[in-house]
Amino acid sequence: MGEFPEEPAAGDRPPLFERVYGELRRLAQRRLEEGLGGTSLQATAVVHEVWLKLAEAPELEGKDSSHYYATAAQAMRWILVDRARRRRSTALASGVEDGLAAADASGDAEEVLALDAALARLETAFPRKAAVVSHRYFAGLSVEATAEALGISTATVKREWAFARAWLLRELGGTLPAPPEGDAPESGDS
Amino acid sequence: MVHSERDLNEIEALFDRALPLVGIDRAVLLDGARAERPAVVREVESLLAAHESGSSILDRPPGLEGLDDVSTPARARGALVGEVLGGYRILAPIGVGGMGEVYEALQSSPERRVALKILLDRGRSQERFEVEARALARLDHPHVARVFGAGTNDGPDGTLSWMACEHIPAARTVTEFADERGLDVEARVRLFVQACRAMHHAHRKGVLHRDLKPANMLVSGDDAKEGRKEGQREGRRESRLKVIDFGLARLFDAVDAEDQLRTRRGELLGTLRYMSPEQCEGDPERLDVRTDVYALGLVLHELLTGRLPYDLEGRSLLQLLEAIRSQAPTDPSALVPEVDGDLGAIVLQSLRKDPEDRYDSAGDLADDLERWLRREPVAARRAGWIHRTRLFARRRAALFAGLVAGGLAGTVGLVVIVVLFLDNREQLRVIEETEREATEARGELAGVAELLGELVAEDALQVLERAALDQSAAETRAEQRDAVARAVAELRRLRGLLGDDVADARVLAEAFVDVGDLFGTEWAAGAADSRNGHEAYLEAARLWRRVSNAHPDDAEARRSLVAALTRLTHSCRRLRLHEQGSAYGDEAVSLARRGVEASERTPEDVEGLVEALFARGDVYIDFEPHVRGLVDSLEARDWVDVLRESGGHPLTVQRLESWVQLRLGHWLKREGDDPDGGFEAHRTSRILRTDLTRRSLARYAAGEPTEEKRYRFQNDLLQLFSAFGWNEVEAALDREDDAALVECLRALDDTYAVALQAVEERDDLPFATILDTLPYATVYVAALVDRIGDEEEQSLRLERIFWQWGEAAERGDVSIDELRDSFLYRWDELAPTGERSAEVREWVAERGWDW
């Protein structure tokens, strides 16, 4: 299957990316250490929180939130892919010992890696649709906020999202477990 | 499959068209295109199939769990199995929480299984851990899980704190156990009495649990089997229930797994469900053994009925606190037929809102439950019991006063620590230590506090919104006052939950100021109107001071503190709290001076200083030496000049200028050797103010009419009449200058006529906007008609006013009584000058109004 885009070397990355990436990681780590979640720490919540913190940062001076969210979506994608890669290798290494948890972790990791690869392909064919996915999924923006950030109408965002979601789902089809019973599919244009 | 650019466009277009279609319509569309573009249709069909295939990774937000074990891969869950820690060989994980882990472990000597709780320290206080462990080790009771030892070890990933506790094989929570075994009510009560006895023991050793809930009352599944095998001997049953996690549960696992709640927020609210009313008040001083008694009542309620005594589902934080504080608990006997009235009464007795009304101790609760088991009359049902308890409690007040809660004000109920009875020096030392540890723990729980802070901030905004709505919907001053009082009380309750987070303090402080500003901010507002605002400003100043202390270089925080102190100074004046007012005024002025002396001085800083000088000077209106007010006003005048020259907004300058002149007039009248008695200054201020008022009306009329603009106009008009006009009238009377008086009164009434006309012409400008000015306008017209000869003008002005009163009376939504009182009060004030128009007097008499 496809190869993931390589993470740019630290020196090549623009300072804003550097800053956002660092803040996201730090905050996520802190939240996790606080252990409040236990169940779920949503990446999107972290993205929004970091925005509140960075809104005044010099790197963002003169730029609006859409600039931040585009960067944050990218950074969050790196973080998730990075984690997934490591998880996969940890899971492979620890193997039998912690059977169930390891399987869980690696399954999760595979999903993220597959999504990342599929998204890279979508980017080639439909760059704007990939951007919609990136904003909505990784940065957690609403339909309205995505529309504003990309300068397109909400109707377009909904349409693009429906298409991109179907496209990605089809690409991921082979690698995904069957959907749980009774879990209604999202209509996509709701 | 590789598609051309054209294919891609067609795929996209066809998909978009097909997606909203269903059934035959979609088939027709696709079939129509198939002949010409088979590859495109195939592609679209596969996409449509995928679209409908169900949920996927894309349909849930990405989670970040496990980012953690990426950074420390060695610390994967269960990683400690097989290791030896403090002489305990770790066998298997029992449970894993967010902060710590619990393992089953084997102690070699003496040989026994233990539950080993492990906390991976990240800069936590080791000492605190040990203090607690020592206190817990002193507990020795068959129904308290024993603590065998505790310590810390340095490991490769940081320091591990561990505590070895009694291991309960096949443990179930008390509710699970009772349900699994299908225990009847009596068996449940018998089991529960053990928990009460355990708690009573702990209390006598000076340890509060503070986190009692079913998850902390465990029953061994194995033990029970054994007990049944050996026949139904009572003695065997006695050893079943164990209370665990004294003062530890929160540390190890801030979130209760059994709550099964999905989100962080849900989880936090879940832990708050077990809070007592006194914890909801945010007063840690009030926590004592009866807080645990309350928690026992909660668990008993849940054990008997399967639910908590309040409906807390889907509540916001504030609603939850409010429900716990004020909602009457459900009576278990009304929910479950097997629970009789006596048992229900016992539960309710433990759940009383006021600790004074509860059982005095867990032992008393246990005694009453045992009476119930023996079918004896229970104390909870005895007549006059509550009263007797109160008396008894009062006799023991000295004892309770000796209880020191080591908990935290900031994070109510989330911190757990040992509370000790004081009776000797050694213990006194431990108390001090405990309190110090508690301070450290505050930082430790910053995470929880931060989340709470978010919730608090959110709720604060809601309170504010609601208060603003209530206030604008209120028809009378009294109702408005109530709305503000309610909001202040609610915000204060929220403050009790607030940690040290500066951002949250900021949000809450702003909310306090805004609530205070809702009402009674007018310069001439009375004491009754000011009291609630005063409370709100006090809180705001306190919070801003905290923010400002944390960020001494934050100019915005300093400005906000100055503004809060300035408001506070004004409300002190209205409430006749002179000394306090002058102290707050001093603080505001000196802080504001720092602002204007700073290199990056802004117009806001200058404005802040002018306002602070005004407020401080005003305190001396009723307070010696009056001359200090004059000094402040003179300095304020100089700063207004500075502001004018350094680019302050012209309207702001004009507004401040009008106030400066008003104050100068006042001080000159009282203190200066001005032959005019300040008349010229008052006249200037009234003219400036009239201009401002007309401008704010014009601003309202031009463009989108907003509530804020309307309020500005209403306030300007009222101030013009109540403060500016009034002072000029008085000065003119003092000078016995009738011509000046007539000119002033005419100008005022003309402005009122303009306002009245605007109200009549504009549907979006409510009649109520000008009503609070009506009492003043009436008095002025009464004074005016005596001094002008023109009968036509007299009747024009009088009729306009009378018509207004008639309108106001006809409208059910206006409180004529308040208007009348205000009018009569002003009327009286002006009366000594002997200026009472016969016609007005007659008009007043007709209404049976009494001055």
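Looking at (1) at pLDDT below 85; (2) within 38 Å of the chain's Cα centre (by Cα), which one does B:ASP632 not meet, given that it meets all the others?
Every listed condition holds for B:ASP632 apart from (1).
Can you find a residue that is more than 22 Å from B:THR773 (Cβ to Cβ), modelled with pLDDT under 85 and either surrounded by 23 or more Cβ atoms within 10 Å (Cβ to Cβ) or not charged (D, E, K, R) (or both) anywhere in the range B:676-696?
First pass over the range B:676-696, keeping only residues more than 22 Å from B:THR773 (Cβ to Cβ): B:676-681.
In the following step, the residues that additionally are modelled with pLDDT under 85 were identified as B:676-678.
Add one more test, that the residue is either surrounded by 23 or more Cβ atoms within 10 Å (Cβ to Cβ) or not charged (D, E, K, R) (or both), and what stays is B:677-678.
For the range B:676-696, residues more than 22 Å from B:THR773 (Cβ to Cβ), modelled with pLDDT under 85 and either surrounded by 23 or more Cβ atoms within 10 Å (Cβ to Cβ) or not charged (D, E, K, R) (or both): present.
Within the range B:1-33, can you find the residues that are of a type outside the set (Val, Ile, Thr), exposed (fewer than 14 other Cβ atoms within 10 Å of the Cβ) and away from chain A (no Cβ under 14 Å)? Before the answer, list the steps.
Taking the range B:1-33 as the starting set, the residues that turn out to be of a type outside the set (Val, Ile, Thr) are B:1, B:3-10, B:12-21, B:23, B:25-27, B:29-33.
Still in the list and also exposed (fewer than 14 other Cβ atoms within 10 Å of the Cβ): B:1, B:4-6, B:9, B:13, B:20, B:23, B:25, B:27, B:31-32.
Answer for the range B:1-33, where residues must be of a type outside the set (Val, Ile, Thr), exposed (fewer than 14 other Cβ atoms within 10 Å of the Cβ) and away from chain A (no Cβ under 14 Å): B:GLY23, B:ASP25, B:ALA27, B:ASP31, B:GLY32.
Read through the list (1) under 23 Å from the mean Cα position of the chain (by Cα); (2) among the aliphatic types (A, V, I, L, M); (3) modelled with pLDDT of 80 or more, then give the number of the only condition that B:MET275 fails.
(3)
Answer with yes or no whether A:ALA105 is modelled with pLDDT of 75 or more, part of a helix (DSSP H, G or I) and small (Gly, Ala, Ser).
When the stated conditions are applied, A:ALA105 does not pass them.
Just for the range B:596-614: of the residues that are among the charged types (D, E, K, R) and outside any helix (DSSP H, G or I), which one is nearest to B:ARG573 (Cα to Cα)? Give the derivation first.
Of all residues in the range B:596-614, those among the charged types (D, E, K, R) come to B:597, B:600-601, B:604-605, B:607, B:611.
From what is left, the residues that are outside any helix (DSSP H, G or I) are B:600-601.
Numbers: B:GLU600: 32, B:ARG601: 29 Å.
Within the range B:596-614, the match that is nearest to B:ARG573 (Cα to Cα) is B:ARG601.
Is there any pair linking a residue in the range B:761-779 that is within 9 Å of B:LEU718 (Cα to Cα) to one that is crowded, with 23+ Cβ neighbours inside 10 Å and among the hydroxyl-bearing types (Ser, Thr, Tyr), with Cβ under 7 Å and at least six apart or on different chains, and which?
The qualifying pairs are B:THR773/B:TYR752.
Looking only at the range A:84-102, filter to residues that are part of a helix (DSSP H, G or I) and of a type outside the set (A, V, I, L, M); which one of those is modelled with the highest pLDDT?
Keep residues of the range A:84-102 that are part of a helix (DSSP H, G or I), which gives A:84-94, A:99-102.
Narrowing the set further to residues that are of a type outside the set (A, V, I, L, M) leaves A:85-90, A:94, A:99.
On the way: A:ARG85: 74, A:ARG86: 70, A:ARG87: 66, A:ARG88: 65, A:SER89: 62, A:THR90: 58, A:SER94: 46, A:GLY99: 39.
That would be A:ARG85.
Assess whether B:GLY341 counts as being in contact with a Ser or Thr (Cβ under 9 Å, 6 or more places away or on another chain) and modelled with pLDDT under 90.
Details: in contact with a Ser or Thr (Cβ under 9 Å, 6 or more places away or on another chain): yes; modelled with pLDDT under 90: yes.
Criteria met by B:GLY341.
Tell me, yes or no, whether the range B:730-742 has at least one residue that is surrounded by 21 or more Cβ atoms within 10 Å (Cβ to Cβ), among the small types (Gly, Ala, Ser) and more than 38 Å from the chain's Cα centre (by Cα). First the steps, then the outcome.
So the first thing to find is which residues in the range B:730-742 are surrounded by 21 or more Cβ atoms within 10 Å (Cβ to Cβ), and the list is B:730-732, B:741.
Checking which are among the small types (Gly, Ala, Ser) leaves us with B:731-732.
Then drop every residue that is not more than 38 Å from the chain's Cα centre (by Cα), which leaves B:731-732.
Checked the range B:730-742: at least one residue is surrounded by 21 or more Cβ atoms within 10 Å (Cβ to Cβ), among the small types (Gly, Ala, Ser) and more than 38 Å from the chain's Cα centre (by Cα).
How many of the residues in the range B:47-66 are loosely packed, with under 15 Cβ neighbours inside 10 Å, at pLDDT 70 or above and either assigned to a loop (DSSP other than H, G, I, E, B) or at the interface with chain A (Cβ under 7 Å from one of its Cβ atoms) (or both)?
Result for the range B:47-66: 1.
From B:ARG797, B:ARG787, which residue is at pLDDT 85 or above, basic (Lys, Arg) and either under 17 Å from B:ARG841 (Cα atoms) or surrounded by 15 or more Cβ atoms within 10 Å (Cβ to Cβ) (or both)? Walk me through how you get there before you give the answer.
Numbers: B:ARG787 fails: at pLDDT 85 or above.
Answer to the selection: B:ARG797.
Name the residues in the range B:179-208 that are over 15 Å from B:ARG146 (Cα atoms), modelled with pLDDT under 85 and crowded, with 19+ Cβ neighbours inside 10 Å, would you?
Within the range B:179-208, B:HIS203, B:GLY206, B:LEU208 meet the criteria.
The values are calculated or read from the model by the stated rules, or taken from the named source; none is laboratory data. From a predicted model like this one, the values you see are computed outputs, not experimental measurements. Here the Cβ is made from the backbone with ideal geometry for all residues, glycine too, and neighbour counts use every protein chain on show.
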